[in-house]
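Scroll down for the structure; my scribbles are underneath it.
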Amino acid sequence: MSMQESARPGSPWLMRVEQRPDARLALYCLPHAGGGASAYRDWARNLPAWIDVIAVQLPGRENRIREQLGIDLDAMAEAVDADHQGLPYALFGHSNGALLAFELAHRLGATGAGPVHLSVSGSPPPALATPSRAVSRFDDAGLLEWMVEQGGISEQLLALPDLLELVIPAVRCDLSWLEAYRPAVRQALDCPVSAFAGETDPRVPGDVLSGWSKETTAGFSAHRYPGGHFYLIDGLPALLGDLTEQLSDLRL
């Protein structure tokens, strides 16, 4: 099943796996560093029909490969705001995408039409998110070694140097944004927040995940699954089962 551009008026920022005109909730998903919308291609088939799954596609990757790499939160927020057309919506982001989703939640909330739920995965809370190393400044070999250590790169990709030449600049771009990231001082979100992570994820050791509870006034839950930073590759059914239950509890 391939990703397709959203049929709603709109933008190259948003990709759908399938059209769900009877959905009661839109779920916008933000990718990890270097990732594209295809990271969410299997989500629709594993989520109930009442959830419309839309992946956010950043420029400079996949179908937007000819565009200049970059992260424009205002443009993302405008695309989501125009797309959901008043339908309740939630945000999900993994790793770097967790912070993108968090920032979108604040931007969209400021308009009075914020998300009804925010899910963050594989990321420490904003106050602890700045990495201790400037990985984006590693040479290509060092950056590739770091990517392998994180577990998010497949053996198939390692065997395709031409594709790696496209992926590495995207990873470098996203990590550069992360290394410069400093959360603004502002009121906590008024939507529930759920935090997910692998049990052995070095980015969120111990009780670090619970720090996300300070970012909401509307309820918080934390969940861990077997695996490391990319636990959701093998643990997707468990994650989506818990996510579906939480979104069902919203009683839309």
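The table for this structure:
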| quantity | calculated |
| --- | --- |
| Accessible solvent surface per residue of the chain, calculated while the other protein chains remain in place, 1.4 angstrom probe, Å² | 46 |
| Region 1-138 - percent of accessible surface contributed by carbon and sulfur, probe 1.4 Å | 47 |
| Distance between region 85-148 and region 197-215 - C-alpha centres, whole angstrom | 14 |
| Beta bridges per DSSP with both ends in the chain, % antiparallel, nearest 5 | 15 |
| Check: the chain dipole with +1 on Lys, Arg Cβ and -1 on Asp, Glu Cβ, in debye | 440 |
| Rg over Rh [alpha-carbon atoms, Kirkwood Rh] for region 1-110 | 0.92 |
| Peptides 233-242, 64-73 ordered by average Cβ neighbours within 10 Å, highest first | 233-242, 64-73 |
| Å³ per residue enclosed by the Cα convex hull of region 52-195 | 128 |
| For region 174-252, alpha-carbon Rg over 2.2 N^0.38 Å | 1.22 |
| Rounded to 5, the percent of DSSP beta bridges in region 1-137 classed as antiparallel | 25 |
| Diffusion coefficient, µm² s⁻¹, Stokes-Einstein with Kirkwood Rh over alpha-carbon pairs of region 35-99 at 20 °C and 1.002 mPa s | 163 |
| Cβ-based charge dipole, region 36-171, positive-most Cα from 87, 46, 121 | 87 |
| GNM result for the chain, Cα springs below 10 Å: residue of 230, 138, 220 fluctuating most strongly | 138 |
| Value in Å of the Kirkwood radius, where the chain supplies the Cα pairs that are averaged | 18.2 |
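The values are calculated or read from the model by the stated rules, or taken from the named source; none is laboratory data. As the structure is a prediction and not an experimental result, all values here were calculated from the model. Using ideal geometry, Cβ is built from the backbone for each residue, glycine included, and neighbour counts are taken over all protein chains shown. Each accessible area value is taken on the protein alone, full model and side chains, heavy atoms only, with ligands, DNA and RNA left out. Shrake-Rupley method; radii C 1.70, N 1.55, O 1.52, S 1.80 Å.
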